[in-house]
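K.L.:
First, the structure itself, so that you have it in front of you.
The values are calculated or read from the model by the stated rules, or taken from the named source; none is laboratory data. What you see is a predicted model, and the numbers here were worked out from it, not measured in a lab. Note: ideal-geometry Cβ built from the backbone for every residue, glycine included; neighbour counts use all protein chains shown.
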Amino acid sequence: MTKLLHHLGLYFIMMKKVISIPEKWSVFRKQLVLEIEKVGLNSVGLVIILSFFVGAVISIQTAFNMSSPLLPSYLVGLASRDSLILEFSPTMISLILAGKVGSSIASEIGSMRVTEQIDALEIMGINSASFLIFPKIIAAIFFFPFLIILSMGIGIIGAWVGGLSADVATADFIGGLKYEFNPFYITYAVIKTVFFAFIISSVSAYYGYHTKGGAIAVGKSSTTAVVSSSILILLFNYLLTDIILS
């Protein structure tokens, strides 16, 4: 418990330094564009591949479990839609991004810490926390919702392809997609994604920023960042779902 409170205290102290008005907006914009590329654009290919095949598998499994003639075929499209929008795209993709993006952030900042580059920034009078971490958080919050919406679209295409292989007619599948669709599901998914993006970027940056030691310590910080981010994502997934949908 004491260790948890210690980490919480250090985290909030760091975040107080992070959330500040940039000293030079031109430098901040340049960093933000760079981070959008590293945090978001480099993850597009992974998100597309995962979403397509998971969508296909969800559709096939749903069709297999609804093989009874008493169940209408459009349920495959309905179940695939709700599974992808409500849970897979916002939560599972965020967990995967915690492994990819989170470990990258923690190792990058951790390497700068152990090689004393952060100390050099502090000596020059630069707010190192804001300079290094704030653009990463903004980039993640801005771009992760686009990745999740892309995941929903590609996942539904994959589900349609999977449905075809399971003998589900396109008309039935599309009918299921449209059946009693609630647009708030998209809003709910985006709200969760914004929280998850903040958790991944800030927690990973925290462990990287407070790395002590050498190369081995950087690896440990990266692993701890991924594990902690994943646990917090699952915790906030439960809390946000309970608050928003109940």
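K.L.:
Select, from Val203, Val190, the only residue that is under 23 Å from the mean Cα position of the chain (by Cα), closer than 20 Å to Ile85 by Cα and at pLDDT 90 or above.
P.N.:
Val190
K.L.:
Residues in the stretch 106-121: is at least one buried (at least 22 other Cβ atoms within 10 Å of the Cβ), of a type in the set (A, V, I, L, M) and within 20 Å of Phe146 (Cα to Cα)?
P.N.:
no
K.L.:
Of everything in the stretch 53-65, what is in contact (Cβ under 8 Å) with a residue 40 or more places away in the chain, buried (at least 18 other Cβ atoms within 10 Å of the Cβ) and not aliphatic (A, V, I, L, M)? Give them in sequence order.
P.N.:
Gly55, Ser59
K.L.:
Taking the condition of being outside any helix (DSSP H, G or I) and surrounded by 13 or more Cβ atoms within 10 Å (Cβ to Cβ), how many residues in the stretch 22-38 meet it?
P.N.:
1
K.L.:
Follow-up. Report those helices (runs of 4 or more DSSP H) wholly inside the stretch 145-246 carrying at least 3 residues which are crowded, with 16+ Cβ neighbours inside 10 Å and in contact with a Lys or Arg (Cβ under 7 Å, 6 or more places away or on another chain).
P.N.:
Counting at least 3 such residues, we get 184-209.
K.L.:
Still on this structure: Could you grab me the full set of residues in the stretch 136-170 that are farther than 24 Å from Glu87 by Cβ and at pLDDT 90 or above?
P.N.:
Matches in the stretch 136-170: Lys136, Ile137, Ile138, Ala139.
K.L.:
Going by the structure shown, is Ile156 under 20 Å from the mean Cα position of the chain (by Cα), under 30 Å from Ser67 (Cα atoms) and in contact (Cβ under 8 Å) with a residue 12 or more places away in the chain?
P.N.:
yes
To keep it simple, each residue is scored yes or no on (1) surrounded by fewer than 12 Cβ atoms within 10 Å (Cβ to Cβ); (2) in a helix (DSSP H, G or I).
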residue	(1), (2)
Leu5	yes, yes
Tyr11	no, yes
Met14	no, yes
Ser20	no, no
Gly40	no, yes
Ser43	no, yes
Ser51	no, yes
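K.L.:
Now, a different point. Could you tell me whether any residue of the stretch 66-75 is in a helix (DSSP H, G or I), within 26 Å of the chain's Cα centre (by Cα) and surrounded by fewer than 21 Cβ atoms within 10 Å (Cβ to Cβ)?
P.N.:
Scanning the stretch 66-75, I find no residue that is in a helix (DSSP H, G or I), within 26 Å of the chain's Cα centre (by Cα) and surrounded by fewer than 21 Cβ atoms within 10 Å (Cβ to Cβ), so the answer is no.
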